[in-house]
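J.: Here it is: the structure, laid out below.
The values are calculated or read from the model by the stated rules, or taken from the named source; none is laboratory data. Note that the coordinates shown come from a computational prediction; the quantities given were computed from them, not determined experimentally. So basically every Cβ, Gly included, is an ideal-geometry build from the backbone, and we count neighbours across all protein chains shown. Ligands, DNA and RNA are stripped out before the accessible areas are found, and what is left, the full protein with its side chains, is counted by its heavy atoms. Shrake-Rupley method; radii C 1.70, N 1.55, O 1.52, S 1.80 Å.
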Amino acid sequence: MTELNSAVEQAQALIDFQRYDQARDLLSQHLAEDPGDMGAWIKIGYCHLNTEQPEQALHAADEALKLAPEDFGALILRAQAMTRGPNGSWREVEPVLREAVRVDPQHWYGYAKLADAVSRMALLRYAQTAGVNDLRNHDLSHVMREASDLVMEALRLGPEEVYAHEVALQIANWSSNITLADQLERAILRLDPTHAEALTAQTHRAANAPGVKAAQAADLYATGLAAAPDSADLQRGLDQATYRMLRGVRWLALLCVGLAGAGMDLFAVEGGVQRELPLHLGQRLWDLVPMTAIWLVGALLRYRRRRAGVRLNVQSLIRRRQWARIVVAQAAWAMLCALLITQVPWADRPLPQVLFWAGLAPTFATIWFDRKKTR
């Protein structure tokens, strides 16, 4: 018996290190010698769950329930196995979870899992009754009443448990209770600062708040990615904010084109006297001063103040996205036109006027065309 107990203890140590395959093999040998060990059936069931084998986990739960029909751990294992995999059924799991709550009414997990199942089935029944697929504009607070009561009990019994808060957040989102959802997201992040879903929602909300500029939004998304580097939603948000920053660079180039045109008096104004061409060297060099100031303040300093993640993403986005490269190329083209206008000693104005419109018109028109690329 000591050797058998030692095998179970070794399996638990392997489970603690997430070496589920080895733990499962060890428990299989143990159960072949002692098929009446209910605890071993539960442990091997979770090994199956963690290696994406829900059918085997369900079998292990059934074996455990044969030995102890009212064991809370076996009931929860069965419920988890029933909701995993492509054939998972939330419809059939509800009676199992209600039995688990009856068996141990002081355990938070039973209430949380039951609230999860009840909310999903309530949502499905409402959608079938209403005959709609999109429920975003529907008030579902009355549909979620029982699930809300259950999850509140789970939070009372397990105030520090992330899963209970996740279920409560799910129900709050389905009920369109934005205020409660925000509170729950903050509570989840206090418990788990790297929680991807809550972190994404909070970051997205902050980045899209009124008055938040593209550079600030990029910093917010980069901060979120530092905590949850595998979040595709945060990376997508960072890409969008970075692209908005790059779009702003074209306005700087267009402003330089405008200043170049003004510096040469390209277009006659009624009652005004245009400058004599060609401009002397000192004037041409002086025209570079405001352009340098524009890029220094508007781009370089702004870029250097950003988080390292934002600066790296600017380079990455230019490599990955065609429109990002187009934006940079347009800004470079506009600046080339501005420099040609100001630095070449033109003797007359027709060709600089062509350069002016060549730098201004295509870039300005594209600014409106590619706005959808920021979404």
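J.: With θ set to phi - 60° and the Karplus curve 6.51 cos²θ - 1.76 cosθ + 1.60, what are the ³J(HN,Hα) couplings of the range 188-199 in order, to the nearest whole Hz, using x for Gly and Pro?
T.: Per residue, the Karplus-derived 3J(HN,Hα) values read 5, 5, 5, 7, 9, x, 9, 5, 5, 5, 5, 5 Hz.
J.: Let me ask something else about it. Quick one: helix 108-130 against the long Cα principal axis of the chain, what's the angle to the nearest 10°, folded into 0 to 90?
T.: Long axis of 108-130 versus the principal axis of the chain: about 70 degrees.
J.: Using a Gaussian network model of the chain whose springs link C-alpha atoms within less than 10 Å, name the residue from 275, 145, 125 with the highest mean-square fluctuation.
T.: Answer for the Gaussian network model of the chain: 275.
J.: Just checking my list [x] 104, 50, 32; [y] 64, 45, 38; [z] 54, 51, 38 against Cα extents along the principal axes in Å computed from this structure; which label fits?
T.: Comparing each candidate, only [x] matches the computed number.
J.: Between the range 138-186 and the range 33-110, how far is it from one alpha carbon centroid to the other, in angstrom?
T.: Going from one Cα centre to the other spans 24 Å.
J.: If one computes the Cα centroid of the range 239-294 and of the range 295-364, what distance in Å separates the two points?
T.: 12
J.: Moving to a separate point now. Over the range 157-294, average the accessible area per residue using a 1.4 Å probe and give it in Å², no decimals.
T.: It amounts to 50 Å² per residue over the range 157-294.
J.: Counting only protein heavy atoms, what percent of the accessible surface of the chain is carbon or sulfur at a 1.4 Å probe?
T.: About 56 percent, which is the carbon plus sulfur part of the accessible surface.
J.: I've got another one for you. Positive end of the charge dipole of the range 1-147 (Lys, Arg +1 and Asp, Glu -1 on Cβ, about the Cα centre): tell me which of 135, 122, 89 has its Cα farthest that way.
T.: Sorting the options by dipole projection puts first 135.
J.: Give me the 1.4 Å probe accessible area per residue for the range 1-102, excluding ligands and nucleic acids, in Å².
T.: On a per-residue basis, the range 1-102 sits at 55 Å².
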